[in-house]
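The values are calculated or read from the model by the stated rules, or taken from the named source; none is laboratory data. What you see is a predicted model, and the numbers here were worked out from it, not measured in a lab. Virtual Cβ from ideal backbone geometry, glycine too; neighbours counted across all protein chains shown. Keep in mind that these areas ignore ligands, DNA and RNA; they rest on the heavy atoms of the full protein, side chains included. Shrake-Rupley method; radii C 1.70, N 1.55, O 1.52, S 1.80 Å.
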Amino acid sequence: MLQGTNLACVRGDRKLFESISFTLEAGGLMLVNGPNGSGKTSLLRILCGLSSPAMGKIIWNGIAIGSLGSEYYLDLTYIGHLSGTKDDLTALENLRISSALCGTKITDMQARDALENMGMGGREFLPAKILSQGQRRRVALARLLVCRTKLWVLDEPLAALDVSAVKLIQKLLEQHLKLGGMIVMTTHQKIDVTAASTVQLQLA
Amino acid sequence: MFLWIVQRDLLLAVRRRSDVLTTLFFFIIVVSLFPLSVGPEMNMLRMMAPGIVWVAALLASMLSLGRLFANDYLDGTLEQMLLSPQSLSVLVLGKALAHWLATGVPLVMMAPVLGIQYDLPTDALFVLTLSLLLGTPVLSLIGAIGAALTLGLRGGGVLVSLLVLPLYIPVLIFGAGAVEAIMAGIDYDAHLSLLGAFLLVSVVFAPWAAAASLRVSME
Amino acid sequence: MAINWYKYASPASFYSLAGKMIPFFAVVAFGLLVVGLYIGFFVAPTDFQQGEAYRIIFIHVPAAWMSMFLYVVMAFWAGIGLAFNTRLSSMMATAIAPTGALFTFLALWTGSLWGKPMWGTWWVWDARLTSELILLFLYIGFMSLQAAIDDSRRADKAGAIIALVGVINIPIIYFSVQWWNTLHQGASVSVTQAPTMASTMLTGMMVMVFASWMYSIAVILKRVRVIILERESHTAWVAELRQKGVL
């Protein structure tokens, strides 16, 4: 269970948001909405523990993430704006290395399967620099197929994806929720994902 | 995991060979500028050689610090590293090791050749190489702190030199000192032992401080 | 008597407390400075070896002491700020740096003024002068790093790390420079060979040391006040001050 209590975020002199609280149960989906500059990305980064909130705290399974430390990261996958793909590595190398970083070591075969599923079959050995924006996104999102984490935090996962990829991702998200996972995400697109519980979080 | 990071960074360095070569050629050019500026008088050059080679190594190593975290920062990999269940210090240690293998080791291998340009005797060449071998990893480790602190800042490249060059001074003193000692016929063991001690201390503390700096810079 | 220290740890109350303290320290600093300089230049006897030129030590020695001491104090406050996330401590560290750098520069300058009549040259690569020069670099590094960072929270923390790394390195650097110096020059020249001091000289110097202390405290408090105002400019209590016309 993921909880946020009375969160506030300050950037420079400006208050982005304050007194944000929420509870996300297993199988729950939380959609963070708000106009540009309302602090969506800041909120997601706070959820991941990348930055600390000006006030309030994040609680994972009853324990504040500050005192959980790296244990929290065993349960968390974060995919941000920046896809973390290296220009000089092939799609396959990128996937294998990025999943190893998150603590899941995968074999060559697993990585190829995942890429195949993401519609990147036949392009595994291309260096990322010649891939299109959407294809890089697919490589980054392929990590969701191989990681076994409970909580996914996704910042605009559907950006730059075409219709078929969006469908694919929605199916993937639904599956994750069905297995009792949790998702926190931002998106500007309409999405169609059924979840046990959906929390809408509106930032001004 | 440690090996994964080293392997990955080395793979990236191999794919970007030109970066590695640029650092190496910078080192060679700086060392070669000195005879042109102070004249080709061999006795003087021999006396200046340890200092020149060491200062050039310092500068070359410092210039390559920008690549240590900057690329990972720009493409989001660094964020992932911070969110890794692995200890960040270990990752930083791996990155520093890879940085040293890609930039420090070529400098060490090149140093005897440059020493010959300055007419250093064979035993001095040997000590020069040895001192660089012990000293350059310290430069990568201390440099990692500076690189982490200046991540994403305007003029980070110049700033990092202000931060790390003063911290490099002990390494410079004992590195160049070892070579001067053997040329003066004095025992040079103490110099090398101290360099070794610096290396041990920085292996323990620098990754930790650099990891803390990364967390500060990424916030 | 229980003093509520936490109350003074909040920038708003520290701001007014510091405001009351500054005049006191400033007056004491000025008084001590006048007395110290008078003793230094008129009462203390002429040194039989160094003549009148030695009188520069009444400025040089306090400046050198303060420069080193302030770096440690700065690192201390920065470290506290990093460990306990207390904003005021980090502001203290930021406020100390320019004063520390100023004293370092003074020590270098007066050292070189002293060097000219003593050794016939403005600069000698003496171990102490060299260490002092490196200390100046460390101060400059700290200040430029903080200046380059826009976000004040990040600036505080990054500055703290570099200050702590610096404070750990200072003994190592000092020791290395000593070693380097003895290896290259022997002990032929040394600033440290102060002749046995007349007691008036010692008194004069101690008075000057205290004057430097009081001056540092006054200036640092003043600077902390400015930093507090800058960072808290959006808060209610600063707005109140503005309304009252205090600002």
Sole residue being in contact with a Lys or Arg (Cβ under 9 Å, 6 or more places away or on another chain), open to solvent by less than 50 Å² (accessible area, probe 1.4 Å) and among the aliphatic types (A, V, I, L, M), chosen from C:Ala97, C:Ala53, C:Ala101: C:Ala53
Matching residues, segment A:52-84, being free of Cβ contacts under 8 Å to residues at least 40 places away in the same chain, within 27 Å of B:Leu12 (Cβ to Cβ) and crowded, with 16+ Cβ neighbours inside 10 Å: A:Tyr73, A:Leu82
Of all residues making up segment A:112-132, the number that are within 14 Å of chain B (Cβ to nearest Cβ) and either surrounded by 17 or more Cβ atoms within 10 Å (Cβ to Cβ) or not hydrophobic (A, V, I, L, M, F, W, C) (or both): 4
Residue in segment B:84-97 that is farthest from B:Ile145 (Cα to Cα), counting only those that are at pLDDT below 90 and open to solvent by 10 Å² or more (accessible area, probe 1.4 Å): B:Pro85
Residues within segment B:117-133 that are touching a residue at least 24 places away in the same chain (Cβ under 8 Å) and in a helix (DSSP H, G or I), tallied: 9
Residues satisfying the stated conditions in segment C:157-172, i.e. more than 9 Å from chain B (Cβ to nearest Cβ) and either farther than 17 Å from C:Ala101 by Cβ or open to solvent by 10 Å² or more (accessible area, probe 1.4 Å) (or both): C:Val167, C:Ile170, C:Pro171
Any hit, segment B:134-142, residues being part of a helix (DSSP H, G or I) and facing another protein chain (nearest Cβ under 9 Å): yes
Answer from C:Ala101, C:Ala148, C:Ala127 - the residue that is under 27 Å from C:Phe76 (Cα atoms) and under 14 Å from the mean Cα position of the chain (by Cα): C:Ala101
Residue count, segment B:196-219 (criterion: away from chain C (no Cβ under 11 Å) and either among the polar types (S, T, N, Q) or open to solvent by less than 30 Å² (accessible area, probe 1.4 Å) (or both)): 2
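So, A:Arg148, is that one crowded, with 22+ Cβ neighbours inside 10 Å and modelled with pLDDT under 90 or not?
no
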Residue count, segment B:145-166 (criterion: more than 7 Å from every other protein chain (Cβ to nearest Cβ) and either assigned to a helix (DSSP H, G or I) or surrounded by fewer than 20 Cβ atoms within 10 Å (Cβ to Cβ) (or both)): 11
Residues of segment C:63-78 satisfying the condition of being under 18 Å from C:Phe210 (Cα atoms) and open to solvent by 10 Å² or more (accessible area, probe 1.4 Å): C:Ala64, C:Trp65, C:Met68, C:Phe69, C:Val72, C:Val73
Number of positions in segment B:41-71 that are within 11 Å of chain A (Cβ to nearest Cβ) and of a type in the set (Asp, Glu): 0
Any hit, segment C:32-46, residues being surrounded by fewer than 13 Cβ atoms within 10 Å (Cβ to Cβ) and either modelled with pLDDT of 90 or more or among the small types (Gly, Ala, Ser) (or both): yes
So B:Leu91, is it under 10 Å from the mean Cα position of the chain (by Cα), part of a helix (DSSP H, G or I) and not small (Gly, Ala, Ser): no
Some residue of segment B:72-87 being within 14 Å of chain A (Cβ to nearest Cβ), part of a helix (DSSP H, G or I), polar (S, T, N, Q) and touching a residue at least 24 places away in the same chain (Cβ under 8 Å): no
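Report, by residue number, each residue of segment B:167-192 that is aromatic (Phe, Trp, Tyr) and open to solvent by 10 Å² or more (accessible area, probe 1.4 Å).
B:Tyr188
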